[in-house]
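Right, one structure below, let's go through it.
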Amino acid sequence: MPKIEREPKLDFTNVLIRPKRSTLSSRSSVNLNRKIIFEHAKQLSECDNCAYSTNNVLDLSCNHVTIDKNESLSGTTIVNTGCDSSIEWPSPSYFSGCHAHTNRTWTGIPIVAANMDTTGTFEVYDVLSKQRMVTAMHKFYTLEDFKEAHAKYNLDPDLFMVSSGISESDFVKLGNILSDVQCNWICIDIANGYIKQFVDFCKRVRLQYPEKIIVAGNVATREMVEELIINGGVDVVKVGIGPGSACTTRIKTGVGVPQLSAIIECSDAAHGAGGRIIADGGITCPGDMAKAFGAGADFVMMGGQFAGHDQNPGEVIEVEGKQYKTFYGMSSQHAMEKHYGKMNNYRASEGRKLKIPYKGDLNHTISDYLGGLRSTCTYIGAESIKDISKCTTFVLVTQQVNQHFVN
Ligand code: 5GP
């Protein structure tokens with residue numbers, strides 16, 4: 001017998017954020033940069049324990065370094081040498097300091113351009129990276145494309161993701177790109193993250209790349225978030241089944257979870273398991289983005305809102321005096337035919353091709369979003385993005401805005 005979950009699941013349009021007393025007097029006092037520590041990805045960094053790099057004290061109890069007696073440590077105080085305190089350190093030779101594998105950290109504004117071929121592009125990266133926002137590159141870029149882009153834009157390894165599907169050839173291509181291009185993020189992306197091969201692929205990528213931040217999705221429920229983090233070795237789970245602006249999954253399959261509830265449930269699961277989430281899809285305005293952070297998202301990914309600008313591919317089209325650009329889902333017939341030459345007849349198109357209003361310079365849209373987010377923070381007393389969820393109380397509403405004068 002089919003089961004019914006009785007508790008209503010909510011979307012962005014079902015709620016507003018309740019204002020709260022705040023000590024923040026100005027939007028400029030809000031810090032949108034966030035430092036995030038990842039559970040699985042490891043980085044080699046200077047050891048904090050022995051403070052070698054700051055005051056030349058090397059604490060051998062930190063166990064992070066085996067010292068070669070040929071290394072010169074003149075000027076270094078060595079503590080905790082145990083019974084080997086009579087060690088003599090002949091010189092000369094260079095000692096590079098004590099290093100340890102620690103959890104990888106990332107600092108930036110946790111907003112990500114979707115890995116769609118209209119938004120996950122080097123031109124979008126060029127704009128977003130200036131704000132320390134991330135671009136998930138679409139998976140059709142080749143190694144040559146990355147090399148050319150690196151020569152042109154000097155790609156920052158922290159500010160873009162290399163995307164991959166889950167086939168053998170995807171794994172090989174990922175390896176080719178990462179052997180030549182320095183990037184700290186891998187985004188493993190399939191439409192239905194509930195299949196077993198997906199978790200297996202994530203495990204394989206984790207084993208191969210212990211130092212990378214692995215993003216994987218999409219899913220929209222607690223148990224799959226936990227599975228990906230605990231068994232798949234994933235750092236960040238991408239959450240969203242069906243909310244996308246160019247998505248028709250819910251129409252074609254009847255499957256999906258309203259995005260606000262999906263974010264609340266999945267962020268709770270992820271944080272309990274030591275992971276993070278990206279809320280992916282369904283953002284239509286800066287207020288939706290604030291609600292996504294309020295619901296517990298660590299990162300927010302957007303496609304449609306980052307599309308339609310000068311920096312996006314394609315020509316401006318004019319229809320009855322109005323200007324548009326083309327935007328389409330990556331599972332749309334249009335995308336399939338563009339990248340694979342055809343759409344297989346055993347599958348239905350789960351994406352739309354749309355004309356969206358031409359918006360000019362992407363920098364203006366970004367200022368609008370960041371300005372909106374800062375303002376949200378001042379309304380609820382949040383000093384940073386990290387504080388938004390702690391300061392958020394949602395109120396259920398039947399109406400979002402006054403439409404009286406809107407045509
Ligand atoms: P948006 O910000 O435009 O609302 O949503 C972007 C997200 O929609 C993408 O990151 C991706 O997860 C999803 N998406 C992109 N193309 C398609 C598609 O063709 N079908 C479906 N179901 N989802 C898509």
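Readers should treat all values here as calculations from the given coordinates under stated rules, not as data from a laboratory. Being a predicted model, the structure only gives us computed values, none of them experimental. Here the Cβ positions follow ideal geometry from the backbone for every residue, glycine too, while neighbour counts run over all protein chains shown.
In what sequence do I385, I264, I251 fall when counting other Cβ within 10 Å, fewest first?
Working: I385 25, I264 18, I251 12.
Ranked by crowding around the Cβ, least crowded first: I251, I264, I385.
Among rounded, prolate and oblate, which fits region 249-312 when a ≥ b ≥ c are the square roots of the eigenvalues of its C-alpha gyration tensor, a/c under 1.5 means rounded, and a/b larger than b/c means prolate? Walk me through the numbers on the way to the answer.
Numbers: a/c = 2.13, a/b = 1.33, b/c = 1.61.
It is oblate, given that a/c is not under 1.5 and a/b is not larger than b/c.
Taking a ≥ b ≥ c as the square roots of the eigenvalues of the alpha carbon gyration tensor, region 252-407 is oblate, as a/c is not under 1.5 and a/b does not beat b/c.
Need one word for region 129-198: rounded, prolate or oblate. Basis is the Cα gyration tensor (sqrt eigenvalues a ≥ b ≥ c); a/c below 1.5 gives rounded, then a/b vs b/c decides. Spell out each step's value before the answer.
Working: a/c = 2.61, a/b = 1.54, b/c = 1.69.
Cα axes put region 129-198 in the oblate bin.
Across all directions, the average projected area of the convex hull around the alpha carbons of region 191-306 is 7.0 nm².
For the chain, the longest piece that avoids every one of the chymotrypsin sites (Phe, Trp or Tyr not before Pro) found in DSSP loops with at most 13 other C-beta atoms within 10 Å covers 95-345.
Among R222, R104, a tally of other beta-carbon atoms within 10 Å of each Cβ gives an order, fewest to most, of R222, R104.
Shape analysis of the chain based on the Cα gyration tensor places the equivalent ellipsoid semi-axes at 41, 26, 22 Å, largest first.
Just rank C377, C183, fewest to most, by other beta-carbon atoms within 10 angstrom. Intermediate values should be presented prior to the final figure.
Values: C377 25, C183 20.
Neighbour counts put them in this order, fewest first: C183, C377.
Expressed to the nearest 5 percent, the antiparallel share of DSSP beta bridges inside the chain is 40 percent.
Please identify every one of the trypsin sites (Lys or Arg not before Pro) in region 274-372 that sits in a loop by DSSP and has no more than 12 other beta carbons within 10 Å of its own beta carbon. Before the final figure, lay out the partial values.
Working: sites: R276, K291, K322, K325, K338, K342, R347, R352, K353, K355, K359; in loops: K342, R347, R352, K359.
When the trypsin sites (Lys or Arg not before Pro) of region 274-372 are filtered for loop state and at most 12 Cβ neighbours within 10 Å, K342, R347 remain.
Per DSSP H run of at least 4 residues, take -39500 (n - 2.57); add these up for the chain, divide by its residues and hand me the 222 nm value, nearest 500 deg cm²/dmol.
Numbers: 12 runs with 115 residues, N = 407.
Computed mean residue ellipticity for the chain: -8000 deg cm²/dmol.
Across C391, C285, C266, mean-square fluctuation computed from a Gaussian network of the chain (C-alpha pairs under 10 Å connected) peaks at C285.
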